[in-house]
Amino acid sequence: MPLHERDIHYFLEVTLAYLNKITGHEIVLRDPTIEFQSLVFSTYTGLIHLSGDVQGFVYLTASQPFLRQLYTARHSHGRFAEENCLDVMNDITNEIAHNVRRRFGPALHASEPHIFSTVPDDPIEMPPAVFVQPFSWRNELGYFVLGLTSSESV
């Protein structure tokens with residue numbers, strides 16, 4: 001059975017709530033798109049595979065400057081290093097996975113987040129249509145990406 005539209009919105013709401021908590025509600029949403037042929041990736045990506053009532057993925061992808069700003073918003077002390085980008089992305093995707101598990105329980109399995117830079121080594125199977133929600137903060141872009149297929153059509 002496919003997810004209800006409000007359940008699909010839940011993925012984005014959880015992500016934005018966490019980002020707005022860090023940024024002080026300064027995330028600006030851009031016009032969303034539906035992609036049919038290719039996926040969007042930035043410098044760092046946090047990917048969660050989904051299985052159960054639906055199959056697919058949810059991921060967040062952002063530039064190093066975007067993640068640097070998130071890091072410095074949360075940590076006013078210390079030096080920034082490249083591994084901090086991976087840590088920030090890991091924190092965000094763990095929050096998404098935790099909330100998905102809490103909301104959907106055993107009906108929808110959320111994998112442990114997979115964090116990587118650049119394009120993934122293993123190709124991600126793309127559903128027929130993928131929702132992409134660009135957002136910005138302090139002139140830097142990030143993307144929320146959700147690709148779902150009903151488990152009945154797999």
In segment 41-60, which residues are open to solvent by less than 40 Å² (accessible area, probe 1.4 Å) and either assigned to a loop (DSSP other than H, G, I, E, B) or of a type in the set (A, V, I, L, M, F, W, C) (or both)?
-> Ser42, Leu47, Ile48, Leu50, Val54, Phe57, Val58, Leu60
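Select from segment 108-130 the residues that are of a type in the set (A, V, I, L, M, F, W, C) and in contact with a helix residue (DSSP H, G or I) (Cβ under 8 Å, 6 or more places away or on another chain) and write down the one among them that is farthest from Glu26 (Cα to Cα).
If we take residues in segment 108-130 being of a type in the set (A, V, I, L, M, F, W, C) and in contact with a helix residue (DSSP H, G or I) (Cβ under 8 Å, 6 or more places away or on another chain), then Leu108 is farthest from Glu26 (Cα to Cα).
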List the strands (runs of 3 or more DSSP E) that sit entirely inside segment 70-154 and contain at least 1 residues that are modelled with pLDDT of 90 or more and of a type in the set (Ser, Thr, Tyr).
-> 130-137, 140-150
Quick one: how many residues across segment 120-139 are within 23 Å of Ala73 (Cβ to Cβ) and either open to solvent by less than 10 Å² (accessible area, probe 1.4 Å) or within 16 Å of the chain's Cα centre (by Cα) (or both)?
-> 5
Please give the number of the condition Pro32 fails out of (1) over 27 Å from Glu125 (Cβ atoms); (2) out of contact with any Lys or Arg (no Cβ under 8 Å at 6 or more places or on another chain).
-> (1)
Some residue of segment 13-32 being open to solvent by 60 Å² or more (accessible area, probe 1.4 Å), in a strand (DSSP E or B) and over 19 Å from Pro113 (Cα atoms) = yes
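The values are calculated or read from the model by the stated rules, or taken from the named source; none is laboratory data. Remember, predicted model here, so these are calculated numbers, not experimental data. Because the Cβ atoms are built from the backbone with ideal geometry, glycine has one as well, and the counts that use them run over all protein chains shown. Please note that ligands, DNA and RNA were not included when accessible areas were found on the heavy atoms of the full protein model with its side chains. Shrake-Rupley method; radii C 1.70, N 1.55, O 1.52, S 1.80 Å.
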